[in-house]
Amino acid sequence: MEPLVIVLVVGSAVLHVAWNVRLKSAGDTLLAAAIGLVAGGLLIVPIGIAVWWLGGAVPLPADGVALGLVSGLIEAVYFYLLAEAYRRGDLSVVYPIARGTAPLILVVVGVGLLGERLGTAGWIGVTCLLAGFLALQRPWLALRAAMTGRRRPGPTGPIAFAVATGVAIAAYSTVDRVGTRLIDPVPYAAILWFSGSIVLATVVVLAGRARGWRDAAVVRPAAVGGILTLVAYLLVLYALSVAPLTAVAPLRESATVVAAAWGAVRMGEAVTRGDAARRIVASAVIVAGAVLLALDA
């Protein structure tokens, strides 16, 4: 992998963690996600138009535009699911599961539907992913609580939303891998951010959650977070335009350990030092699994 790709993806990972920390810390995560997406759209749409115009205003291919619109829809779904997951659970649990689910889904599609085969490294990677998920989720505690009639303490509700978020990540990563080969990443990002902003803003309004949009204490951090995730996404789009998805996606998952450590330690999500260590180690195992899958590709 070229050094430029590594710099792009690692930079994206750091910015992405910063955005997720802001989103998790927001009072209304769905409203914050919508504000962030709209703020990013207001910034990238005129830039995308300018880049397209300076490039000769060549008509964009219809299939590339369609992929950008579809990616924007998936992005809106992703933001919604992530916001709901953070409303229910911890950053150090939601983030690793959401990010780790994506490569696992891609493996299921490749092996189950496309007839691809995994080598030894790939199967070890799948094992690491599953082991990391189990260590984070600890489903045996929920089973024990159900058998004893006790309610299990801790973040159990967000797991389904975190997994669904991972599915959305796998979907838009696959779409973007094709779309950025048809259209320059900046105009492409403008298309998807435009469509995603409209969809998510509409959802927030229909859900009656738009009342806080005039509060500067809510809008400012959410808008800054939206710009952070926009820059992070642009870096990944450029990386996808010059490198294979199997190389870019796992490297981006390096942010998982950072997010887990930040949530467990800095945000006080872990109950004890042992609990913090469990979350961080489990996240590292998930990253190792993603890397092994990339090496096996």
Legend entry - Filter result (at positive phi and of a type outside the set (A, V, I, L, M)) within the stretch 54-77: G56
Legend entry - Criterion violated by L104 - all others in (1) surrounded by 24 or more Cβ atoms within 10 Å (Cβ to Cβ); (2) more than 11 Å from the chain's Cα centre (by Cα) satisfied: (1)
Inset, instruction - Considering only residues that are without any contact (Cβ under 8 Å) to a residue 60 or more places away in the chain and not in a helix (DSSP H, G or I), look in the stretch 203-220 and name the one that is nearest to V186 (Cα to Cα). - result: D215
Inset, instruction - Could you tell me whether the stretch 106-113 includes any residue that is among the small types (G, A, S), part of a helix (DSSP H, G or I), modelled with pLDDT of 85 or more and under 27 Å from L293 (Cα atoms)? - result: no
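Residue-by-condition table, conditions (1) farther than 25 Å from V70 by Cα; (2) in a helix (DSSP H, G or I); (3) modelled with pLDDT of 80 or more; (4) small (G, A, S):
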site: A222; (1), (2), (3), (4): no, yes, yes, yes
site: A264; (1), (2), (3), (4): yes, yes, yes, yes
site: R278; (1), (2), (3), (4): yes, yes, yes, no
site: A288; (1), (2), (3), (4): yes, yes, yes, yes
Inset, instruction - Could you list, in sequence order, all residues of the stretch 68-77 that are of a type outside the set (V, I, T) and either crowded, with 24+ Cβ neighbours inside 10 Å or over 18 Å from P185 (Cβ atoms) (or both)? - result: G68, S71, G72, L73, E75, A76
Inset, instruction - Look at Y238 and say whether it is hydroxyl-bearing (S, T, Y) and surrounded by fewer than 22 Cβ atoms within 10 Å (Cβ to Cβ). - result: yes
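Select from the stretch 1-27 the residues that are part of a helix (DSSP H, G or I) and of a type outside the set (A, V, I, L, M, F, W, C) and list them in ascending order.
Across the stretch 1-27, the qualifying residues are P3, G11, S12, H16, N20, R22, K24, S25.
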Inset, instruction - Kindly indicate whether A146 is of a type in the set (A, V, I, L, M), at pLDDT below 60 and in a helix (DSSP H, G or I). - result: yes
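Conditions tested, residue by residue: (1) surrounded by fewer than 20 Cβ atoms within 10 Å (Cβ to Cβ); (2) touching a residue at least 60 places away in the same chain (Cβ under 8 Å).
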position	(1), (2)
V7	yes, no
V17	no, yes
T29	no, no
A34	no, yes
Inset, instruction - Out of A33, A26, A13, report the one residue that is touching a helix residue (DSSP H, G or I) at 6+ places or on another chain (Cβ under 6 Å), within 26 Å of A98 (Cα to Cα) and modelled with pLDDT of 90 or more. - result: A33
Legend entry - The one condition in (1) without any contact (Cβ under 8 Å) to a residue 60 or more places away in the chain; (2) part of a helix (DSSP H, G or I); (3) among the basic types (K, R) that R99 fails to fulfil: (1)
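The values are calculated or read from the model by the stated rules, or taken from the named source; none is laboratory data. Note that this is a predicted model, so its numbers are computed, not measured. Neighbour counts are summed over all protein chains in view; Cβ atoms, including those assigned to glycine, are modelled from backbone coordinates with ideal geometry.
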